[in-house]
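J.: Pasting a structure below so you can have a look.
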Amino acid sequence: MSGYSASELMIVCAARALRGVRSVLVGVGLPNIACNLARRTVAPDLELVYESGVLGARPARLPLSIGDPTIISGARSVMPMPDLFQYLLQGGRIEVGLLGTAQIDRFGNLNTTVIGEYAAPDVRLPGSGGACEIALHARRTIIITRLSRRTFVEKLDFRTSPGHLELDGSRPPSGVARGGPGQVITDKALFTFDPESHEMCLQALYPGLTREEVCGHVAWPLKIADELSVVEPPGENELAIIREQLDSGGMYR
Amino acid sequence: MSGYSASELMIVCAARALRGVRSVLVGVGLPNIACNLARRTVAPDLELVYESGVLGARPARLPLSIGDPTIISGARSVMPMPDLFQYLLQGGRIEVGLLGTAQIDRFGNLNTTVIGEYAAPDVRLPGSGGACEIALHARRTIIITRLSRRTFVEKLDFRTSPGHLELDGSRPPSGVARGGPGQVITDKALFTFDPESHEMCLQALYPGLTREEVCGHVAWPLKIADELSVVEPPGENELAIIREQLDSGGMYR
Amino acid sequence: MEDKLVDMRSAIAAYVQDGMTLAIEGFTAFICFAAAHEIIRQGRRGLTLARMTPDLVYDQMVAAGVAKKLIFSYLGNPGVGSLHCIRRAVEHSIPHELELEEYSHFGMVGRYIAGASQLPFYPLRSYSGTDLPRVNPAIRFIADPYEGTEIAVVPPLHPDVAILHAQRADRQGNTQAWGILGVQKEVAFASRKVIVVVEDVVDEEVIRADPNRTLIPGLVVDAVVHVPFGAHPSYVQGYYDRDNKMYQEWDDLSRDADRVQAWLQEWVYAVEDHQAYLDKLGASRLERLKPGSAPAHSIDYGVYR
Amino acid sequence: MEDKLVDMRSAIAAYVQDGMTLAIEGFTAFICFAAAHEIIRQGRRGLTLARMTPDLVYDQMVAAGVAKKLIFSYLGNPGVGSLHCIRRAVEHSIPHELELEEYSHFGMVGRYIAGASQLPFYPLRSYSGTDLPRVNPAIRFIADPYEGTEIAVVPPLHPDVAILHAQRADRQGNTQAWGILGVQKEVAFASRKVIVVVEDVVDEEVIRADPNRTLIPGLVVDAVVHVPFGAHPSYVQGYYDRDNKMYQEWDDLSRDADRVQAWLQEWVYAVEDHQAYLDKLGASRLERLKPGSAPAHSIDYGVYR
């Protein structure tokens, strides 16, 4: 049980970030495992909500997509999509939204639309899906992505999902009362946002990594917390739950 | 089987007015019986839609209200109320709406809200319910009411449901393409609306009634059709269906 | 998830305070008289009562002096006639004045949808050519930004508390209903607190066996109250019929303010709770309201491993 | 009511014409590949394809040269990766240019709701602080008439034809579905013509036994087509699983334009209809997609005499 992968530590960090949370909008893969770990540890009342309209799923297998039939059978509720977006998300019923991204800037704005020019893209990415609305309507968001200079960019090619917007962070999206990005969880370090300037801030390193290594993966001069800490490694219990129950196939090992 | 009541003739006239119609929004009582007669005679594809969201009801007893549980059991579809108003009515899916009223003016505008001043009414009536929307969104409406000077008034105390509005009929409700009131069916005569002026027009008398008698029940100088006709009495078949199947209790006999 | 099951007295005491805006909804069906009577018994005052069709439930609450205002779209005793207590308040200020905020059905539906959606307004093609906007300044018109045509809007409605009746829920408040669904879901999402009252409290496995039937997820429910026949004299699809006799009797007795007070004394104040009310009605009367059986065909969600 | 049952070939021939706007919807589930393949076989051109998640179904149609434009909100192969044919069209104009009209999911949902409701616009708190309005001028902002704040709006979407898959319908088109309902109902009401494709054509008594389960009333349905496994390789809740193998194989083969054309030749052009496609897949492959049984508990609507 000693030793763990960076992915496993990501899962653990994301789970810990959900302490006491009661509703989370989540996709499949690593963030999904993190939510299930949180339910078994720090957030027993956590209700997983999928963009497909499913609440309280009890999948019999690891779901391949947010529309997998295994998340329907045995769920508490399946809502039509208008209800999901109107009543749950815009209605302010989702505490935390988990988001991935292709690009993120220093204010937590996200791009999942194109690399290059919109009209003539080098790479056409999937687009918003519900990400734009999750970013706007979840009471706060947690961004989960691997740390790399290609992802942590100086300037987004396209702003798909608003984070804290501009430098002064003074422009909240119209009529929406929400906190925006709270944390960024990567495979090398954790980031938070400065409560004043809303700038991303290196908060904690994964064991064995230096601040210089982390800064080398970020395209802008990275702000570093006064009290930079080191992430607590996965506990025995956390690892056991992941390996025995949530990732028994070892995909993230 | 010879002899029939004025109510029975009203039922027959309303049914005949539904020839070939495929969707009608209807309440309970006499108009409901008329729709069921139409289904069995001139409108075999007629789908009855209730404001409560029920389509294709097959009641095991005469329903007491549009929310009677007997219209749910065995219906083809029960829609939530937002769907009924947004998708069926405003969505333009209802061909004919049947409306009753407390007051009607010469342009088919209706009052079901108050007698007297709104702020200090002599009689507080039920209000719009869905009548305002039925009037606005059904592709045409048929008004079914008993003929009396108290009902056929010079000026409404309150305009709950728009008909053809003002004298020139030139002001259609915003963004709504619909025909407005097509006929008024009473216990003494039938009325249509002049295609040019949109003014109500005496079209046909019940057998045995004179135009003077009818005019005496209307508070304004009534326009009379060039070719005033006499209503065809109920046929044997129509009466048989009413008495044996639809009003076996004889409420309208 | 937490256990939200409480009794009616505690639920009303905890969530319904003087001066609040309350919505006891249900279109002909699912009208929670058990909650209304408990609110009367607990002597609440100054409530704003929202409901598309005030029905007997608000007629009784108005007569009991609970309400200062109605937000509504149709004032009638369905299939019977008038609501005499509300008329008496409106026409003669008995027992006191009653403020009215009036919409059409679609306007009320829109207010709840906007409330549930946290929208600042709900657009609907209605009210043009009517007198309603003249007497209700909350109804406004805006220009469509594409074609420039005018369209009506109504503001969101956010009841402080919604009380919604249904066939069944689990102890976490995941609620399933069938029959006339009306605006139950929208009201639940529009309201700050939600009390669900059910005929049956079921194991969560019953809910999970048919997730598409869940009308109100437990996520938005604050309290679950178990009151069989709690919607009497209205009805619950598949469980009991509307007690039309009571609706008709009310039409008669409610014409007389004194008889109404006597009725409230006998059927609300003098009974301890809804069970005592049912006992007083008698088992045979309730038995006669039970329908025959008309089961839905089973469907299968499949096990996906 | 009239009998609307027709075969797929006739339905596509009758309702889908060159240049139309078409919506084959279904969120991961209920995606009617049987209809898409028939449209490819019949050689339609210049279609505008609307769908929240274009999925393999539109990737194949784009590769076949059917489409001139996409209206969408998420371009991905769910749980697998990219849609390579659509990317090739967007990035390299292969087989030809493809116009994009892009929204977020909520924007697409709103466009269908506005379409179904005959509303001139749909308001949503979205898009502020994003680049989408810059590249899509159909997204606008208006002022809320109550508080003056700005809110985004999207225009209605009215597909000429919607093709929607479900578990069952009667011959009049009254359609019942369970599982992920997505925007199926909204698309049906938004569209000028509606083709429903089902696993089972059932007697109307099956529908009438559970009227709350009816998602799309026959009133808005023009044609009913009976195609078991018609959503393969997507899935139908309780009937079959998604054929994830095909989704993964497509991810590989679709990176090569020539291999895509060979695939279309083999699996679409060279097969007569969906039954021939299924025969070619083989019964054992389909058998493996069938789930175990997880029935819903029965409910009772009651007989009210």
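The values are calculated or read from the model by the stated rules, or taken from the named source; none is laboratory data. Keep in mind that what you see is a predicted model, and the values were worked out from it rather than measured. Methodologically, a virtual Cβ is constructed for each residue, glycine included, from the backbone with ideal geometry; neighbour enumeration extends over all protein chains shown.
J.: Considering the range D:194-217 alone, what residues qualify as being more than 7 Å from every other protein chain (Cβ to nearest Cβ) and touching a Gly at 6+ places or on another chain (Cβ under 6 Å)?
T.: The answer is D:VAL196, D:VAL197.
J.: Can you confirm whether C:SER293 is of a type outside the set (Lys, Arg), within 14 Å of another protein chain (Cβ to nearest Cβ) and surrounded by fewer than 17 Cβ atoms within 10 Å (Cβ to Cβ)?
T.: Judged against the criteria, C:SER293 is a match.
J.: Return the residue satisfying two criteria in turn: it lies in the range D:173-213 and is assigned to a strand (DSSP E or B) and of a type outside the set (Val, Ile, Thr), and of such residues it is nearest to D:GLY230 (Cα to Cα).
T.: D:GLU199
J.: Restricted to the range B:114-138, and to residues that are assigned to a helix (DSSP H, G or I) and in contact with a helix residue (DSSP H, G or I) (Cβ under 9 Å, 6 or more places away or on another chain), which residue is nearest to C:THR28 (Cα to Cα)?
T.: B:ALA131
J.: Now for a different question. Filter the range C:232-249 down to the residues that are away from chain D (no Cβ under 14 Å) and either of a type in the set (Lys, Arg) or part of a loop (DSSP other than H, G, I, E, B) (or both) and list them by number.
T.: C:HIS232, C:PRO233, C:LYS245
J.: Say whether the condition of being over 28 Å from C:PHE189 (Cα atoms), free of Cβ contacts under 8 Å to residues at least 12 places away in the same chain and surrounded by fewer than 23 Cβ atoms within 10 Å (Cβ to Cβ) is met by at least one residue in the range B:77-98.
T.: Checked against the condition, which is being over 28 Å from C:PHE189 (Cα atoms), free of Cβ contacts under 8 Å to residues at least 12 places away in the same chain and surrounded by fewer than 23 Cβ atoms within 10 Å (Cβ to Cβ), the range B:77-98 yields no hits at all.
J.: Right, something else. Scan the range A:110-124 and give yes if some residue there is modelled with pLDDT of 95 or more and closer than 23 Å to A:MET81 by Cα, otherwise no.
T.: Yes, the range A:110-124 has at least one match.
J.: Could I ask something else about it? So for the range D:115-137 (the condition being surrounded by fewer than 18 Cβ atoms within 10 Å (Cβ to Cβ), farther than 16 Å from A:THR160 by Cβ and more than 9 Å from every other protein chain (Cβ to nearest Cβ)), does at least one residue qualify?
T.: Within the range D:115-137, one or more residues are surrounded by fewer than 18 Cβ atoms within 10 Å (Cβ to Cβ), farther than 16 Å from A:THR160 by Cβ and more than 9 Å from every other protein chain (Cβ to nearest Cβ).
J.: Same structure, new question: Any idea which of B:SER248, B:SER229, B:SER170 is at pLDDT 95 or above and loosely packed, with under 12 Cβ neighbours inside 10 Å?
T.: Testing whether each residue is at pLDDT 95 or above and loosely packed, with under 12 Cβ neighbours inside 10 Å leaves just B:SER229.
J.: Here is a follow-up. Which of the residues spanning the range C:88-98 are among the charged types (D, E, K, R), at the interface with chain B (Cβ under 9 Å from one of its Cβ atoms) and buried (at least 21 other Cβ atoms within 10 Å of the Cβ)?
T.: Selection gives nothing.
J.: Might you let me know whether the range A:89-110 holds any residue that is part of a loop (DSSP other than H, G, I, E, B), polar (S, T, N, Q) and in contact with a Lys or Arg (Cβ under 6 Å, 6 or more places away or on another chain)?
T.: Yes: the range A:89-110 contains one or more residues that are part of a loop (DSSP other than H, G, I, E, B), polar (S, T, N, Q) and in contact with a Lys or Arg (Cβ under 6 Å, 6 or more places away or on another chain).
J.: For B:SER73, work out the one condition from (1) more than 26 Å from C:TYR122 (Cα to Cα); (2) within 19 Å of the chain's Cα centre (by Cα); (3) part of a loop (DSSP other than H, G, I, E, B) it doesn't fulfil.
T.: (2)
J.: State yes or no: is C:ASP3 under 30 Å from A:VAL42 (Cβ atoms), assigned to a loop (DSSP other than H, G, I, E, B) and at pLDDT 95 or above?
T.: yes
J.: Among (1) closer than 22 Å to A:HIS137 by Cβ; (2) facing chain A (nearest Cβ under 10 Å), there is one condition D:TYR146 misses while meeting the rest; what is its number?
T.: Of (1) closer than 22 Å to A:HIS137 by Cβ; (2) facing chain A (nearest Cβ under 10 Å), only one is false for D:TYR146: (2).
J.: Among the residues in the range D:95-115, are any aromatic (Phe, Trp, Tyr), over 19 Å from D:THR28 (Cα atoms) and out of contact with any Cys (no Cβ under 9 Å at 6 or more places or on another chain)?
T.: no
J.: Follow-up. Scan the range C:63-70 and give yes if some residue there is out of contact with any helix residue (DSSP H, G or I) (no Cβ under 9 Å at 6 or more places or on another chain), more than 8 Å from every other protein chain (Cβ to nearest Cβ) and of a type outside the set (Asp, Glu), otherwise no.
T.: There is at least one residue in the range C:63-70 that is out of contact with any helix residue (DSSP H, G or I) (no Cβ under 9 Å at 6 or more places or on another chain), more than 8 Å from every other protein chain (Cβ to nearest Cβ) and of a type outside the set (Asp, Glu).
J.: Out of all the residues in the range A:11-70, which are under 16 Å from the mean Cα position of the chain (by Cα), touching a residue at least 60 places away in the same chain (Cβ under 8 Å), within 25 Å of D:TYR74 (Cα to Cα) and part of a loop (DSSP other than H, G, I, E, B)?
T.: A:VAL26, A:GLY27, A:GLU51, listed by residue number.
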